[in-house]
């Protein structure tokens, strides 16, 4: 674990630099160089024109204890059913 944290700490100290001779491209330049009409259209439509006014993430409300219990019970039933299928398969094919 120490080695992992040590390597991660090196990344935190990383400072990015623009290499010499680098050329800045705008999204329009990237879209204009496309030879196929569909590619050019997709790139133009997917271009971000303004920042979003929405929050970056909206989480659903937490589960009620009863609905969470039902969810886990359903999940366990599905796991048990698949295990039964596997066992039946191996019993019938041996």
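Suppose we keep only residues that are in a loop (DSSP other than H, G, I, E, B) and surrounded by 10 or more Cβ atoms within 10 Å (Cβ to Cβ) within the range 17-39. Which one would you say is modelled with the lowest pLDDT? Applying the filter and picking the extreme gives 34.
When the range 47-94 is examined, which residues are found to be out of contact with any helix residue (DSSP H, G or I) (no Cβ under 9 Å at 6 or more places or on another chain) and within 30 Å of residue 26 (Cα to Cα)?
Residues of the range 47-94 out of contact with any helix residue (DSSP H, G or I) (no Cβ under 9 Å at 6 or more places or on another chain): 49-61, 64-94.
Correct list: 49, 50, 51, 52, 53, 54, 55, 56, 57.
Only a single criterion out of (1) modelled with pLDDT of 80 or more; (2) surrounded by 10 or more Cβ atoms within 10 Å (Cβ to Cβ) is not satisfied by residue 42, namely (1).
The values are calculated or read from the model by the stated rules, or taken from the named source; none is laboratory data. If you're wondering where the values come from, they're calculated on a predicted model, not measured in any experiment. Heads up, the Cβs are rebuilt from the backbone with ideal geometry, glycines too, and the neighbour counts pull from every protein chain shown.
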